[in-house]
Amino acid sequence: MSQTVSRPSDTYSPLYFLASLGAGGLAVTFFMWLMHWIPHPGQPVPVFEDIAAAFASGSLAVQSMIAIAMLGIAVFAFLNLKLLIWNLRRFASWRATEGFATFSRTNAQSQVLALPLALAMSVNVLFVLGMVFVPGLWAVVEYLFPAAMLAFLAIGAYAFKLYGGFIGRVLTEGGFNCAANNNFGQILPAFAFAMVGVGLAAPAALSTTPALAGLGLVLSTFFLMTSALIATVAMILGFRAMMEHGANAETAPTLSIIVPLLAVLGILSLRQSHGLTEHFGAEASTGETLLVLTKFLSVQVLFLLFAGLVLFRQGYAGRFLLGRETSPGSYALVCPGVGFAVLLHFFINKGLVEAGLIAKFGPTFWALSAIALLAQLAMIWLVLHLNRRHFGAGSPAAAVPAE
């Protein structure tokens, strides 16, 4: 006799918000193609009119690239929003259960920050959709920036409320299990605040109104510093526990969370730098930009090597990606690949090309860009693979005798 095993996602965890986050990140990786590979005179980002002009005048290769990029953005933006809605519904139901009450008395309570993290990503994805698919958007974009800033501030306030519930409980009641903190899971809140910050930095880079740009600079700096402080403390505590107890096998993917965090903070810094140049006369040289991007990318590579070493030695892929075990934390592996690919595009185009070290669209350019494309392709496979494992139909299995 056999029965159908329920899907892993039937047992809810707030880490499933990372499934929405990863899909949104992949939509952004396709936008990087349009951002760096087609001309967009008059504004720092490509909009519908730039894309249409490039498609009309481009070669077959350019037209194919644009078509694939727009399809990729549409597909993964849809998946991002679909998974966000699914998570919000499941989270609302889960909060009323005893399981949530038990969860809220553990170290894992900070995982609820995956909710505002996913919300902030989806706002960014909606902005990308508008730029790519809505004609005439740039003519009214100055009216959209205040609304976007209010949305990000609301998400940021909600993130503070959730994090305050966790940190307030721990610092007043105690109960934080330092031995079980042998991972970087406590950096997740820093990632959420950074995602809010990068959204607030957009007007600093894109707005032509000095007041909006200045407000974006101030607010995004607040969230940048919040993120940096939380990440620093959490990383020290996590390293301390891992040095004594070893890294937790199931939560080992969190060891690479620094990679997407640095990508977000790197883009935030670039947006602030652009705003300072446009409105406040503090122009950064191409050499300075190259150096900043090189520092961010260097730390990304170091943490990819560090996390990869631990995951390999623990046999994580054989257990949780290809074996019989599943963990919603596996979605944390998508973010590093996406973050690395996105920051590498900026390093190549805003760093190496603008500094005159390599020629745009030359052999070295495409050799380096191929690394970003391979990372993107690997993350597409990983998202689709994890979605099948966690959200696909249950599989038949031998009946388990009642005890």
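The values are calculated or read from the model by the stated rules, or taken from the named source; none is laboratory data. This structure is a prediction, so every number in the text was calculated from the model and none was measured. Here the Cβ positions follow ideal geometry from the backbone for every residue, glycine too, while neighbour counts run over all protein chains shown.
Couple of notes before you dig in:
- Output for region 249-279, where each listed residue is buried (at least 19 other Cβ atoms within 10 Å of the Cβ) and outside any helix (DSSP H, G or I): Thr251, Ile257
- All conditions in (1) surrounded by fewer than 18 Cβ atoms within 10 Å (Cβ to Cβ); (2) in a helix (DSSP H, G or I) hold for Leu224, with the sole exception of (1).
- Considering Ile68, Ile73, Ile155, Ile51, the condition of being part of a helix (DSSP H, G or I) and either of a type in the set (Lys, Arg) or loosely packed, with under 14 Cβ neighbours inside 10 Å (or both) is satisfied by Ile68 alone.
- Looking across region 333-356, the residues that are over 23 Å from Trp381 (Cα atoms), part of a helix (DSSP H, G or I) and aliphatic (A, V, I, L, M) come down to Ile348, Leu352, Val353.
- Qualifying residue in region 392-403 (condition: loosely packed, with under 14 Cβ neighbours inside 10 Å and acidic (Asp, Glu)): yes
Here's the yes/no breakdown for (1) modelled with pLDDT under 95; (2) under 26 Å from Leu15 (Cβ atoms); (3) surrounded by fewer than 21 Cβ atoms within 10 Å (Cβ to Cβ); (4) not aromatic (Phe, Trp, Tyr):
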| position | (1), (2), (3), (4) |
| --- | --- |
| Gly323 | yes, yes, yes, yes |
| Ala332 | no, yes, no, yes |
| His345 | no, no, no, yes |
| Phe365 | no, no, yes, no |
| Ala375 | no, yes, yes, yes |
| Ala378 | no, yes, yes, yes |
| Trp381 | no, yes, yes, no |
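- When Leu302 is tested against (1) closer than 15 Å to Val259 by Cα; (2) surrounded by 14 or more Cβ atoms within 10 Å (Cβ to Cβ), exactly one condition is not met: (2).
- Residues of region 231-275 that turn out to be hydrophobic (A, V, I, L, M, F, W, C) and free of Cβ contacts under 8 Å to residues at least 60 places away in the same chain, as a count: 8
- Long-range neighbours under 7 Å by Cβ, at least six apart or interchain, first residue over 17 Å from Thr294 (Cβ atoms) within region 354-368, second at pLDDT 95 or above and of a type in the set (Val, Ile, Thr): Lys360/Val353
- Put simply, of Ala252, Ala263 the only residue that is among the hydrophobic types (A, V, I, L, M, F, W, C), modelled with pLDDT of 95 or more and out of contact with any Pro (no Cβ under 8 Å at 6 or more places or on another chain) is Ala263.
- Filtering region 310-321 to residues that are without any contact (Cβ under 8 Å) to a residue 12 or more places away in the chain and farther than 22 Å from Pro14 by Cα leaves Phe312, Arg313, Gly315, Gly318.
- For region 158-203, filtered to residues that are of a type in the set (S, T, N, Q) and in a helix (DSSP H, G or I), the residue that is farthest from Ala241 (Cα to Cα) is Thr172.
- Counted residues, region 38-48 - those being surrounded by 15 or more Cβ atoms within 10 Å (Cβ to Cβ) and more than 19 Å from His345 (Cα to Cα): 1
- For region 234-244, the criterion of being outside any helix (DSSP H, G or I) and either farther than 26 Å from Ile348 by Cβ or touching a Gly at 6+ places or on another chain (Cβ under 9 Å) (or both) is met by none of the residues.
- Condition check for Leu311: within 23 Å of the chain's Cα centre (by Cα), part of a helix (DSSP H, G or I) and surrounded by 13 or more Cβ atoms within 10 Å (Cβ to Cβ): yes
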